[in-house]
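Visitor: The structure that follows is given in the form of structure tokens.
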Amino acid sequence: MARLLYQGHGSLRFVSNEGKVLYLDPFAGGGYDLPADLVLITHEHYDHNQINLVPMKPRTIIIRSKDALINGVYHHFDYCGFHIQAVPAYNANHPRNECVGYLLEVLRTRHLHHRLHADFGQDGYRLCLPAD
């Protein structure tokens, strides 16, 4: 069964039905015991990019905001059974050209993850929608 672990701050871990592991914005909490297939970083602030916490597999894929937003174009990725769409996420403290949110499709459910304190409060903003 797929699992979602909220680790704190902006940090999440998804495990798919197939056992694929995705970490998003590693920084807070525990739960860094499973080797990652995929790591997503929304922006390069220290409290969102601590990939040293994540155990890696030999072929772990790391997608940083600079990989997801290139020349103003938000990209999408299909890795390890996860469909990922980068989306705008910025505010006065997070420049538009350096930060992204991610829309993840997992098990035909979409998860929107923006992690911008000023716009969305300390707990960030997450939205789960059925996929069409």
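Visitor: What is the gain in length, in nm to one decimal, between ILE70 and VAL87 on full extension, counting 0.36 nm per residue of separation less the C-alpha to C-alpha distance?
Guide: Separation in residues times 0.36 nm, less the Cα-Cα distance, equals 4.9 nm.
Visitor: Of the trypsin sites (Lys or Arg not before Pro) in segment 1-60, which ones lie in a loop per DSSP and count no more than 15 other C-beta atoms within 10 Å?
Guide: In loop regions of segment 1-60 (DSSP not H, G, I, E or B), there are no sparsely surrounded trypsin sites (Lys or Arg not before Pro).
Visitor: A further question follows. Under the rule of at least 5 residues apart or a separate chain, name every residue whose amide H is placed under 5 Å from the amide H of TYR32.
Guide: When sequence neighbours closer than 5 places are left aside, there are no close amide H contacts.
Visitor: Determine the gain in length on full extension of the stretch LEU53-ASP78; use 0.36 nm per residue of separation and subtract their C-alpha separation, reporting nm with one decimal. Mind dumping the intermediate values first?
Guide: On the way: separation 25, 0.36 × 25 = 9.00 nm, distance 2.38 nm.
Contour length minus Cα-Cα distance gives 6.6 nm.
Visitor: Would you mind checking which residues have amide H under 5 Å from SER11's amide H? H placed 1.01 Å from N; only 5 or more apart, or other chain.
Guide: For SER11, the qualifying residues are ALA28.
FYI, it's all coordinate maths here, none of it is from the lab. Since this is a predicted model, take the numbers as computed values, not measurements. Backbone-built Cβ (ideal geometry, glycine too); neighbour counts: all protein chains shown.
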